[in-house]
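The values are calculated or read from the model by the stated rules, or taken from the named source; none is laboratory data. Here the structure is a predicted model, which means the values were calculated and not measured. Positions of Cβ are generated from backbone atoms using ideal geometry, with glycine treated the same way; all protein chains shown enter the neighbour counts.
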Amino acid sequence: MTSPINLHAVKAIYLFELARTWRTLFQSIAAPVISTSLYFIVFGAAIGGRFTAVDGVSYGAFLVPGLVMMSVLTESVSNASFGIYMPRYSGTIYEVLSAPISAFETVLGYVGAAATKSIILGVLILLTARLFVDYSIQHPFWMVAFLVLTSVTFSLFGFILGVWADGWEKLQIVPILVITPLAFLGGSFYSISMLPPLWQKITLFNPVVYLVSGFRWSFYGQADVPVGISLAMTALFLALCLTAVWWIFRTGYKLKA
């Protein structure tokens, strides 16, 4: 009985994208881990000792979920956008589109590889954080669920960005001017309860707040936003990304032109 999914095609795209990671190991894995380690050294060890506990958790431990989530979502966008942009830039995307591969299988290969790289990075950062601070994970299942959900969602967003961009400048402008500021202002370094009431309400329009809050809840059982709302908002963003990807393949937007 044949599989309804062309697993050979998915595997080929998936392994090709993962192979690119091993060829650029320092850029893809080592650099994000090292840069995040610097945050732990500066904010967790050096400055963190001067802060009081945040919601009953030491500041160094409080940083762990936020920094992991910040790295995972930025790398998910970067990996997925570059992964689909390069075939468009070189013209090899037409070979993929002319092959007997469905849109679902194409997205599964590219997004699956980008999400896998982000999950590996998140796990490595968690292991590295143990060298600097002591933290606990109260809900390991939900920690993994938020990690996977965030990686897949933002890899889909990165795929959309890679299709939309028609130059290297556009490929970089959204992560630099949108994703990075949202990640820094999404509660990665602080609890939004520390903000004035007006800014607490404004911050709730930042989708990253729900990701960081839900992920931090899986560690310490405390969150700025109820975990159910965090899951719902993440699922909503995932649904919007899936809808956008469906429309791209339905219309051939910047793929068949």
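Structure summary
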| quantity | calculated |
| --- | --- |
| Residue list for the range 178-187, restricted to those being surrounded by fewer than 18 Cβ atoms within 10 Å (Cβ to Cβ) and either among the hydroxyl-bearing types (S, T, Y) or touching a residue at least 40 places away in the same chain (Cβ under 8 Å) (or both) | T180, F184 |
| Checking I192 against (1) of a type in the set (A, V, I, L, M); (2) at pLDDT 90 or above; (3) crowded, with 17+ Cβ neighbours inside 10 Å, the condition it does not meet | (2) |
| Count of residues meeting criterion [assigned to a loop (DSSP other than H, G, I, E, B), touching a Leu at 6+ places or on another chain (Cβ under 9 Å) and either without any contact (Cβ under 8 Å) to a residue 24 or more places away in the chain or not polar (S, T, N, Q) (or both)] in the range 188-220 | 1 |
| Any hit, the range 222-230, residues being out of contact with any Leu (no Cβ under 7 Å at 6 or more places or on another chain), modelled with pLDDT under 90 and either surrounded by fewer than 18 Cβ atoms within 10 Å (Cβ to Cβ) or outside any loop (DSSP other than H, G, I, E, B) (or both) | yes |
| L171 in contact with a Ser or Thr (Cβ under 7 Å, 6 or more places away or on another chain) and farther than 22 Å from L147 by Cα | yes |
| Check on P87, farther than 17 Å from L211 by Cα, part of a loop (DSSP other than H, G, I, E, B) and at pLDDT below 90 | no |
| Near pairs, Cβ below 7 angstrom, 6+ apart or cross-chain, from the range 221-242 (farther than 17 Å from T153 by Cα) to any residue that is outside any helix (DSSP H, G or I) | G221/Q138; Q222/D55; D224/G187; D224/S191 |
| Residue that is in contact with a helix residue (DSSP H, G or I) (Cβ under 9 Å, 6 or more places away or on another chain), surrounded by fewer than 16 Cβ atoms within 10 Å (Cβ to Cβ), closer than 26 Å to M233 by Cβ and not aromatic (F, W, Y), where the choices are P140, P175 | P140 |
| Hey, E105 in contact with a Pro (Cβ under 8 Å, 6 or more places away or on another chain), among the charged types (D, E, K, R) and not in a loop (DSSP other than H, G, I, E, B) or not | no |
| Any chance I120 is of a type in the set (A, V, I, L, M, F, W, C), crowded, with 19+ Cβ neighbours inside 10 Å, in contact (Cβ under 8 Å) with a residue 60 or more places away in the chain and not in a loop (DSSP other than H, G, I, E, B) | no |
| Residue in the range 59-72 that is at pLDDT 80 or above, over 22 Å from the mean Cα position of the chain (by Cα), hydroxyl-bearing (S, T, Y) and part of a loop (DSSP other than H, G, I, E, B) present | no |
